[in-house]
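The values are calculated or read from the model by the stated rules, or taken from the named source; none is laboratory data. Since the structure is predicted, the reported quantities are computational estimates derived from the model, not experimental observations. Using ideal geometry, Cβ is built from the backbone for each residue, glycine included, and neighbour counts are taken over all protein chains shown. In case anyone asks, the SASA skips ligands and DNA or RNA and just uses the protein heavy atoms, side chains included. Shrake-Rupley method; radii C 1.70, N 1.55, O 1.52, S 1.80 Å.
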Amino acid sequence: MPPDVPVPASWRIALPHTAAAVPIARALIRTALADIEAPADSDTAELLTAELVANAVEHTPGDEPVELVVELLPSGCQVEVHDRDPASPGDLSRPGPGSEPDPWLEHGRGLLLIRTLSSSCGHRTTEQGKAVWFTLPSQAGPVD
């Protein structure tokens, strides 16, 4: 992006309540982080965003859109996914010893990835359901 065009500080985008939302969300987060100085790790941001969106689509009833909210911060970025279900998404606290997911199960690793790879994460209730979020720090490059 040219230096005289300001980078938006945040985006709020409605996504379909279908599996098609996942690749759309990945592309949106990649685009959001591509043209800013000292962005957060876009590969990690894409992975964690995909996990949040996939969880919202898979585990919430109905066909109401989910919302992706991306906020660029001086210290990195925060990504939230809003859905209409007020129920907790599961345990976003740091896992204790012996609480690793069963390697033979197909599910159960998404929240572990979010807890492990983000600098912070959590969820909060909203007027229309809940928001699940994570933050990533910026990756300042080496100084020459």
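Which residues, taken from the range 59-78, are out of contact with any strand residue (DSSP E or B) (no Cβ under 6 Å at 6 or more places or on another chain) and either in a strand (DSSP E or B) or open to solvent by less than 10 Å² (accessible area, probe 1.4 Å) (or both)?
Passing the criteria: LEU72, LEU73.
Out of ALA131, ALA50, ALA56, which single residue is out of contact with any strand residue (DSSP E or B) (no Cβ under 8 Å at 6 or more places or on another chain), open to solvent by less than 30 Å² (accessible area, probe 1.4 Å) and at pLDDT 90 or above?
ALA50
What's the number of the condition ILE114 fails, among (1) modelled with pLDDT of 95 or more; (2) touching a helix residue (DSSP H, G or I) at 6+ places or on another chain (Cβ under 9 Å); (3) hydrophobic (A, V, I, L, M, F, W, C)?
So ILE114 meets the others, but not (1).
What tally of residues in the range 22-41 results from selecting those that are closer than 21 Å to GLY122 by Cα and open to solvent by less than 40 Å² (accessible area, probe 1.4 Å)?
4
Restricting the first residue to the range 113-127 and requiring it to be among the polar types (S, T, N, Q), which pairs with a second residue that is open to solvent by 70 Å² or more (accessible area, probe 1.4 Å) and modelled with pLDDT of 95 or more meet a Cβ separation below 8 Å and a spacing of at least six or different chains?
Pairs that qualify, where the first residue is among the polar types (S, T, N, Q) and the partner is open to solvent by 70 Å² or more (accessible area, probe 1.4 Å) and modelled with pLDDT of 95 or more: there are none.
Can you name the number of the only condition in (1) modelled with pLDDT under 90; (2) farther than 19 Å from SER138 by Cα; (3) buried (at least 19 other Cβ atoms within 10 Å of the Cβ) that ASP102 fails?
(3)
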